[in-house]
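Input: a single structure, listed below in structure tokens.
The values are calculated or read from the model by the stated rules, or taken from the named source; none is laboratory data. From a predicted model like this one, the values you see are computed outputs, not experimental measurements. Cβ atoms come from the backbone with ideal geometry, glycine included; neighbour counts cover every protein chain shown.
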Amino acid sequence: MKIVVIGATGTIGSAVVKLLKQRHQVVAVSRSSGDYRADIISKDSLETAFGAIGKVDAIVSATGGAVFKPLAVLTDADFEKSLHDKLMGQVNIVRVGSQHVLSGGSITLTSGVLAQRPMPGSAAISLVNAGLEGFARAAFSDLANFEATKAELATDIVEALAVALGKLSFRSLLQPADGNDENTHARTLTCAPVDSHR
Ligand SMILES: NC(=O)c1ccc[n+]([C@@H]2O[C@H](COP(=O)([O-])OP(=O)(O)OC[C@H]3O[C@@H](n4cnc5c(N)ncnc54)[C@H](OP(=O)(O)O)[C@@H]3O)[C@@H](O)[C@H]2O)c1
């Protein structure tokens, strides 16, 4: 199947690419290198990249920057960066990417454990991660044209993420399409690496 990995050159993305490549056609996208370049902050940039890539079976986002700093020193620019990059950037991926995903496909976003387990310095990142997970939970119900994700595809993506995250445990928020099998039927899927503070 054809799977776009955005953030393909990063720590998580490069490991995901390596694993998914064993069974799928992977299209690597990042801001400065890869098969295609896109900046998730810009919808236009994503539209250009997806227009060139064409229809795909799945999108995996392993990108998004946010600022880790004590609340007292977080600036307006820090909040703007966090909200525009990790949160709205990945929202943009769903808004644009969902127009290019074939029936039975999926979109995977990456949040982080700080959504559920905040710590000093995580105010901006916790805000973004929790917002992202709220968005993912809600957005799938508006993607009514999405069929349930093919079980094989969902399994391969979850396994690739689990292995890519190494010793980090992995929690996935799967949105069941039919309410029966959360592990194999997802329309949107949020990957939240845990035990790592981002
Ligand atoms: N690594 C962890 O332990 C961990 C733990 C919890 C959560 N996370 C989350 O997982 C995600 C990925 O983390 P990572 O550690 O793999 O990051 P990383 O190593 O910094 O890699 C980021 C990747 O995203 C690309 N990228 C950055 N900004 C982009 C943009 N605006 N548009 C398009 N591509 C962009 C980078 O490409 P360029 O270099 O070309 O810009 C690179 O391929 C992040 O959301 C992070 O918060 C990571």
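Please go through the range 111-124 and pick out each residue that is within 27 Å of residue 157 (Cα to Cα) and touching a Leu at 6+ places or on another chain (Cβ under 8 Å).
Scanning the range 111-124 gives 111, 115.
Looking at the structure I just gave you, is residue 104 closer than 25 Å to residue 162 by Cα, among the small types (Gly, Ala, Ser) and not in a helix (DSSP H, G or I)?
yes
For the condition modelled with pLDDT of 60 or more and buried (at least 23 other Cβ atoms within 10 Å of the Cβ), what is the one hit in 110, 190?
Being modelled with pLDDT of 60 or more and buried (at least 23 other Cβ atoms within 10 Å of the Cβ) holds for just one of 110, 190, which is 110.
Across the range 115-151, what is the number of residues that are in contact with a His (Cβ under 8 Å, 6 or more places away or on another chain) and either surrounded by fewer than 22 Cβ atoms within 10 Å (Cβ to Cβ) or at pLDDT 85 or above (or both)?
Of the residues in that region, 4 qualify.
Do any strands (runs of 3 or more DSSP E) lying entirely in the range 1-99 carry at least 3 residues that are modelled with pLDDT under 95, at negative phi and more than 13 Å from the ligand (Cβ to nearest atom), and which ones are they?
Because the criterion is at least 3 residues that are modelled with pLDDT under 95, at negative phi and more than 13 Å from the ligand (Cβ to nearest atom), the strands (runs of 3 or more DSSP E) in the range 1-99 that meet it are 56-61.
Are any residues in the range 48-81 β-branched (Val, Ile, Thr) and either in contact with a Leu (Cβ under 6 Å, 6 or more places away or on another chain) or more than 18 Å from residue 20 (Cβ to Cβ) (or both), and if so, which ones?
48, 67, 73, 75, listed by residue number.
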